1. Which residue, of 144, 131, 112, 170, is at pLDDT 95 or above and more than 17 Å from the chain's Cα centre (by Cα)?
2. Name the pairs: first residue in region 119-136 and touching a residue at least 40 places away in the same chain (Cβ under 8 Å), second residue among the basic types (Lys, Arg), Cβ to Cβ under 9 Å, at least 6 apart or on different chains?
3. Which pairs have Cβ atoms under 6 Å, sit 6 or more apart or on different chains, and link a residue in region 143-162 that is assigned by TED's automatic domain parsing to the domain that holds residue 66 to one that is in a strand (DSSP E or B) and of a type in the set (Gly, Ala, Ser)?
4. What do you reckon, is residue 94 aromatic (Phe, Trp, Tyr), surrounded by 14 or more Cβ atoms within 10 Å (Cβ to Cβ), modelled with pLDDT of 95 or more and under 19 Å from residue 51 (Cα atoms)?
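The values are calculated or read from the model by the stated rules, or taken from the named source; none is laboratory data. Since the model is a prediction, treat every value here as computed from it, not as a measurement. With ideal geometry, Cβ positions are generated from the backbone for all residues, glycine too; neighbour counts draw on all protein chains shown.
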Amino acid sequence: MNSIPVSALVRLGRVAAPIVAVTLVIAACSSSTKSSSAAGGATSAATSGASATTVATRSGPLGTFLTDGSGKALYMFASDTSSKSTCSSTCVTYWPPLTTTGTVKASGKASGSRLATITRTDGSKQVTYNGHPLYLFKLDTAPGDTQGEGTTNFGAKWWVLAPSGKPITGSGSSAPTSSRPTSGYGGY
């Protein structure tokens, strides 16, 4: 059996260690970019720190309506304008705005040409659809819930939006009428 001199092993270690270290760093960076990309951001978003926001669609008792990328219903607030959200302070606790730090993309029956953003008073970018600033509802806990549909909170009606960009003002809901909030969140 041939033995390798210790001095040769030491030299091999000096050459191999930096190669292994560089290989591990490259593998870690590559893995990080892939996982960021798989989490919903584009590759460019993974390197810039920004991520993509998706507006999609879902069908339910109200018909086809807009959702975020995870399937949660998106609402419009009747007192907003196309350039300004009027939901702030306590309102955003119950009706968090759909915001983005990167690009906004459409999926399903949502139309990319109807998507835009406005700048909120806190400097964040809120996603709009057909001129309506978009919000989620705190009590919608599962994809497809529409418990905020038709409620009057913070002084105006809240409606889910159809892919056409028009509010759906029907009476259907994924929650029984008796448990649906109808007004008041301003008093919380």
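1. Going through 144, 131, 112, 170 in turn, just one is at pLDDT 95 or above and more than 17 Å from the chain's Cα centre (by Cα): 131.
2. Close Cβ pairs satisfying both conditions: 126/120; 128/114; 129/114; 131/114; 133/84; 133/120; 136/72.
3. 144/60; 146/73; 152/183; 160/73
4. Against the criterion (aromatic (Phe, Trp, Tyr), surrounded by 14 or more Cβ atoms within 10 Å (Cβ to Cβ), modelled with pLDDT of 95 or more and under 19 Å from residue 51 (Cα atoms)), residue 94 does not qualify.
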